[in-house]
Amino acid sequence: MNDREELPAAVDAEALLSLAQGHHERTIRTEGTREAGGHLVKTYSLQAPGRTVTEQDIAAALRITAAHLELGRNRGSLGLAVLIMHAGGDGDHVLVHSWIEGHMSDLAVFTGPVGHPDQLRPGRTGLAPCVWEAAILAHERDAFSRHVLDSSGPIANRLASWGADTLTGGVR
């Protein structure tokens, strides 16, 4: 397709160009592998420009994560999860991604107003990761496959390698 071809009706060229103009880097930090809800949870913070994820934010996100993961076995959980605490430009978001049976995963998204972790609630049906959150989850998919599924040796060693394989710095 070139610039002279007509775009399908659903393609909003103006909105796409506006997104492209406002696209920017966000900072990712690893916050360690922790235990929550009986799971090993690799924890990340993601920060929009001018926003900071604090230890209080991480603690609140871990409480939400623990409550969500406590019923993980009922969803086929294998006991490994990734937590993303995102101090976004439009609010705060907590994503809990866990690996479940059959090479599948489970994703829960919680959203709320800036700086009010007590007001984080499950996101609307169909809500999926933003471009920055998806970058972390893509890395985590590769780390899980590489260290847990495709590796050899005792599971404790595989999990240690998985926990050490993190994404940090800037992501676009």
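The values are calculated or read from the model by the stated rules, or taken from the named source; none is laboratory data. These figures come from a predicted structure and were not determined experimentally. All Cβ positions, glycine included, derive from the backbone under ideal geometry; neighbour counts span all protein chains shown. Just the protein is used for accessible areas: all its heavy atoms, side chains included, with ligands, DNA and RNA removed. Shrake-Rupley method; radii C 1.70, N 1.55, O 1.52, S 1.80 Å.
With respect to Leu7, is the statement that it is assigned to a loop (DSSP other than H, G, I, E, B) and more than 25 Å from Gly112 (Cα to Cα) true?
Working: assigned to a loop (DSSP other than H, G, I, E, B): yes; more than 25 Å from Gly112 (Cα to Cα): yes.
Criteria met by Leu7.
Selection over the range 10-38 of residues that are surrounded by fewer than 16 Cβ atoms within 10 Å (Cβ to Cβ) and at positive phi gives a count of 2. Looking only at residues of the range 140-172 that are surrounded by fewer than 18 Cβ atoms within 10 Å (Cβ to Cβ) and among the polar types (S, T, N, Q), we find that the one that is nearest to Thr33 (Cα to Cα) is Ser161. Restricting attention to the range 53-75, the residues being of a type in the set (A, V, I, L, M), modelled with pLDDT of 95 or more and part of a loop (DSSP other than H, G, I, E, B) number 1.
For the range 39-62, filtered to residues that are in contact (Cβ under 8 Å) with a residue 24 or more places away in the chain, open to solvent by 70 Å² or more (accessible area, probe 1.4 Å) and out of contact with any strand residue (DSSP E or B) (no Cβ under 7 Å at 6 or more places or on another chain), the residue that is farthest from His24 (Cα to Cα) is Gln56.
Quick one: which of Leu78, Leu107, Leu95 is outside any loop (DSSP other than H, G, I, E, B) and surrounded by 22 or more Cβ atoms within 10 Å (Cβ to Cβ)?
On the way: Leu78 fails: surrounded by 22 or more Cβ atoms within 10 Å (Cβ to Cβ); Leu107 fails: surrounded by 22 or more Cβ atoms within 10 Å (Cβ to Cβ).
Result: Leu95 is the single residue among Leu78, Leu107, Leu95 that is outside any loop (DSSP other than H, G, I, E, B) and surrounded by 22 or more Cβ atoms within 10 Å (Cβ to Cβ).
When both residues are 6+ apart or on different chains and their Cβ atoms are under 7 Å apart, which pairs have a first residue that lies in the range 82-100 and is on the phi > 0 side of the Ramachandran plot and without any contact (Cβ under 8 Å) to a residue 24 or more places away in the chain, and a second that is open to solvent by 10 Å² or more (accessible area, probe 1.4 Å) and among the β-branched types (Val, Ile, Thr)? Note: pairs meeting the criteria are Gly91/Thr111; Gly91/Val114. Looking for something more than 18 Å from Phe144 (Cα to Cα), out of contact with any His (no Cβ under 9 Å at 6 or more places or on another chain), modelled with pLDDT of 95 or more and in a helix (DSSP H, G or I) - is there at least one such residue anywhere in the range 21-28? Checking the range 21-28: at least one residue is more than 18 Å from Phe144 (Cα to Cα), out of contact with any His (no Cβ under 9 Å at 6 or more places or on another chain), modelled with pLDDT of 95 or more and in a helix (DSSP H, G or I). Residues in the range 144-168 that are under 17 Å from the mean Cα position of the chain (by Cα), assigned to a helix (DSSP H, G or I) and touching a residue at least 60 places away in the same chain (Cβ under 8 Å): Phe144, Trp162, Gly163.
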